[in-house]
1. I'd like the residue in the range 216-242 that is among the hydrophobic types (A, V, I, L, M, F, W, C) and outside any strand (DSSP E or B) and, out of all such residues, is farthest from N182 (Cα to Cα).
2. Residues in the range 228-272 that are touching a helix residue (DSSP H, G or I) at 6+ places or on another chain (Cβ under 8 Å), polar (S, T, N, Q) and closer than 26 Å to A130 by Cβ: how many?
3. Looking at L286, L206, L266, L202, which is the one that is buried (at least 22 other Cβ atoms within 10 Å of the Cβ), more than 16 Å from S117 (Cα to Cα), in contact (Cβ under 8 Å) with a residue 24 or more places away in the chain and under 20 Å from the mean Cα position of the chain (by Cα)?
4. Just to be sure I understand, how many residues within the range 178-190 are buried (at least 16 other Cβ atoms within 10 Å of the Cβ) and either in contact with a strand residue (DSSP E or B) (Cβ under 6 Å, 6 or more places away or on another chain) or without any contact (Cβ under 8 Å) to a residue 40 or more places away in the chain (or both)?
5. From the set of residues in the range 119-161 that are of a type in the set (D, E) and outside any loop (DSSP other than H, G, I, E, B), which is surrounded by the most Cβ atoms within 10 Å (Cβ to Cβ)?
6. Pick out the one residue from L213, L113 that is in a strand (DSSP E or B) and touching a strand residue (DSSP E or B) at 6+ places or on another chain (Cβ under 7 Å).
7. Those residues that are crowded, with 20+ Cβ neighbours inside 10 Å and in a loop (DSSP other than H, G, I, E, B), I need them from the range 243-263; list them, please.
Amino acid sequence: MNNNLKNKDNILIIGASGRVGKEIFKVCKNHIDTYDTFGTYYSDNQPDLYHLDIRNESEIEKFFKKIQPSILIHAAGMIHPLQCEEKKDLAWSINVTGTKNIVDCCKKYNCKLVYISTDYVFDGKNNPYAEFAITNPLNQYGMTKLESEKLISSLNDYLIIRSAWINDIHKNSKSFVMQVLNSLKNRQKFYAPDDQFGNPTLSVNLAEIIFELISKNQQGIFHVTGSTYIDRYNFALKIAKVFSLDENLIQKISTSELNQQIKRPLKIQMNLKKLKSVISTKILSLEDQLNYMKQTSDNMNS
């Protein structure tokens, strides 16, 4: 982990094995002239990554001493809302205590912190949401992410990225797109709520936009999602259509019929005006995202 090329900035990506961290790691690795990139994992062991438990501050400090990052991208944590609700203490210890440990080290070593947050910091009652809108999380996941945002905002140099409905095409992914594809390919019915609305986001596009924001040394909070606002039922139909699967297997349902033991914000539309004023990277529509994933899938299977 020792680095001798001091003319470059060192980037440390915590959670580089996850849905977003994985793509950011790839993007940063592609800019070897500018950055030396290091990444960590917790449970999903992958080559080129180092093990790290963010609940252990002394472990984090070892990384800071060895790598001396000037930029840290925090993409780790418990991300499934239902799991966070069922294991509230664990969610708090990972998402909040873990973030506090990272923030403390960033302060000590004067490191910029980039944090992946969520639209779940809002309650869905005042659309569309700009960065300065009033927050009001409805569940434990949203609460832990908002508490982490508050801790991070005490830093001199930080970037908080609020995203939503992040999808990828990786085989073992639990993204909405992969849930739909796995069901339909197995000829199983898929129940999709028609009363949950949001902005689907492609992980690759999100990573490219985050990289541009970092390159332009942006600070503060940015909403970064795809440009399409849609409900999950029609989202599922579009997935089936692009991948030439049976749309009749997709069944419309309401959120209340799912009987989930969790409160969810039903309609969150993210205002991207601030983001559009800063970046040149194209913000992908849902059509663009699905076509990209279909092409990627075809290439993987060819």
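1. If we take residues in the range 216-242 being among the hydrophobic types (A, V, I, L, M, F, W, C) and outside any strand (DSSP E or B), then V224 is farthest from N182 (Cα to Cα).
2. Total meeting the criteria: 1.
3. Numbers: L206 fails: more than 16 Å from S117 (Cα to Cα); L266 fails: buried (at least 22 other Cβ atoms within 10 Å of the Cβ); L202 fails: more than 16 Å from S117 (Cα to Cα).
Every option except L286 fails the conditions.
4. Total satisfying the criteria: 5.
5. Filtering the range 119-161 down to residues of a type in the set (D, E) leaves 119, 123, 131, 147, 149, 157.
Now drop any that are not outside any loop (DSSP other than H, G, I, E, B), which leaves 119, 147, 149.
On the way: D119: 22, E147: 18, E149: 19.
By that ranking, first place goes to D119.
6. L113 is the lone residue from the list that is in a strand (DSSP E or B) and touching a strand residue (DSSP E or B) at 6+ places or on another chain (Cβ under 7 Å).
7. None - no residue of the range 243-263 is crowded, with 20+ Cβ neighbours inside 10 Å and in a loop (DSSP other than H, G, I, E, B), so the list stays empty.
Conditions tested, residue by residue: (1) surrounded by 14 or more Cβ atoms within 10 Å (Cβ to Cβ); (2) among the small types (G, A, S); (3) under 29 Å from K171 (Cβ atoms); (4) out of contact with any helix residue (DSSP H, G or I) (no Cβ under 9 Å at 6 or more places or on another chain).
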residue	(1), (2), (3), (4)
L12	yes, no, yes, no
D33	no, no, no, yes
F38	yes, no, yes, no
N56	no, no, no, no
I67	yes, no, no, yes
I71	yes, no, no, no
A76	yes, yes, yes, no
L82	yes, no, yes, no
V96	yes, no, no, no
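Readers should treat all values here as calculations from the given coordinates under stated rules, not as data from a laboratory. All values reported here derive from a predicted model rather than from experimental measurement. Because the Cβ atoms are built from the backbone with ideal geometry, glycine has one as well, and the counts that use them run over all protein chains shown.
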